[in-house]
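Here the structure is laid out as structure tokens; the discussion comes afterwards.
The values are calculated or read from the model by the stated rules, or taken from the named source; none is laboratory data. Keep in mind that what you see is a predicted model, and the values were worked out from it rather than measured. Virtual Cβ from ideal backbone geometry, glycine too; neighbours counted across all protein chains shown.
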């Protein structure tokens with residue numbers, strides 16, 4: 001009897017019940033793993049193309065240099081509130097994510113939602129590690145026109161761009177199925193895209209990154225999210241199936 005109760009409790013923690021009120025994964029990537037595969041392959045192809053463009057001094061570098069020389073110059077001539085807005089993008093793509101990850105971790109640990117805990121914690125941690133590995137391997141210097149918040153570590157791909165795709169994309173993935181209507185589902189999706197785009201734009205506007213740095217960061221974020229979140233959902237799906245057969 002005790003073993004049965006323990007297994008039942010464990011099963012409830014692993015598998016979200018129908019009509020669950022908590023913040024749970026919809027498990028769509030486990031149901032349709034081809035989505036994650038497409039995300040992974042698409043992100044890898046785009047990142048590889050941008051990396052080749054950088055090493056081969058491709059045509060996109062002209063756009064990089066033009067934008068890096070133009071936007072920060074506009075920023076320096078702008079009203080003070082523009083600096084505040086642009087700096088906000090830096091923090092939304094960095095410290096705010098860290099704070100939200102901690103809050104979500106506390107919530108998932110309290111609710112014993114292990115799948116979601118792994119997705120949030122290691123999804124973000126893995127993306128950060130991936131950024132440091134790739135950026136140091138490629139070792140692209142940041143624009144000399146940086147203004148306001150100055151970063152000196154290599155900038156290809158953009159760590160902010162990777163993080164916003166991986167974290168805010170996952171948050172939208174959790175939230176959209178919980179929305180009561182199509183209208184609110186669209187609101188969440190549009191808001192997520194606006195946040196991702198806003199953070200990327202602010203990093204370019206302030207000279208923190210070249211355009212291709214940000215695009216490469218988006219690509220890495222898509223690839224990592226598609227691969228990691230699909231594998232996590234498939235792993236926990238298998239665990240739930242094993243529990244049911246015991």
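Each row is one residue, and each column tells you yes or no for (1) on the phi > 0 side of the Ramachandran plot; (2) surrounded by fewer than 18 Cβ atoms within 10 Å (Cβ to Cβ); (3) free of Cβ contacts under 8 Å to residues at least 40 places away in the same chain.
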site	(1), (2), (3)
169	no, no, no
185	no, yes, yes
201	no, yes, no
204	no, no, no
218	no, no, no
221	no, no, no
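Given the criterion modelled with pLDDT of 95 or more, over 20 Å from residue 125 (Cα atoms) and part of a helix (DSSP H, G or I), identify the matching residue among 186, 199, 214, 232. Outline the logic, then answer.
Values: 199 fails: over 20 Å from residue 125 (Cα atoms); 214 fails: over 20 Å from residue 125 (Cα atoms); 232 fails: over 20 Å from residue 125 (Cα atoms).
From the options 186, 199, 214, 232, the qualifying one is 186.
When you check residue 219 against the structure, is it closer than 22 Å to residue 120 by Cβ and out of contact with any helix residue (DSSP H, G or I) (no Cβ under 6 Å at 6 or more places or on another chain), yes or no?
Values: closer than 22 Å to residue 120 by Cβ: yes; out of contact with any helix residue (DSSP H, G or I) (no Cβ under 6 Å at 6 or more places or on another chain): no.
Here the answer is no, as residue 219 does not meet what is asked.
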Matching entry among 106, 97 (being closer than 26 Å to residue 71 by Cβ and in a helix (DSSP H, G or I)): 97
Residue match in the range 147-154 (condition: free of Cβ contacts under 8 Å to residues at least 24 places away in the same chain and crowded, with 17+ Cβ neighbours inside 10 Å): yes
Failed condition for residue 105, given (1) over 23 Å from residue 235 (Cβ atoms); (2) surrounded by 15 or more Cβ atoms within 10 Å (Cβ to Cβ); (3) over 13 Å from the mean Cα position of the chain (by Cα): (1)
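If the requirement is being at pLDDT 95 or above and outside any helix (DSSP H, G or I), which of these qualifies: 180, 157?
Numbers: 180 fails: at pLDDT 95 or above.
After ruling out the rest, the residue left standing is 157.
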Subset tally (residues that are surrounded by 15 or more Cβ atoms within 10 Å (Cβ to Cβ), under 21 Å from the mean Cα position of the chain (by Cα) and over 30 Å from residue 237 (Cα atoms)) for the range 111-146: 3
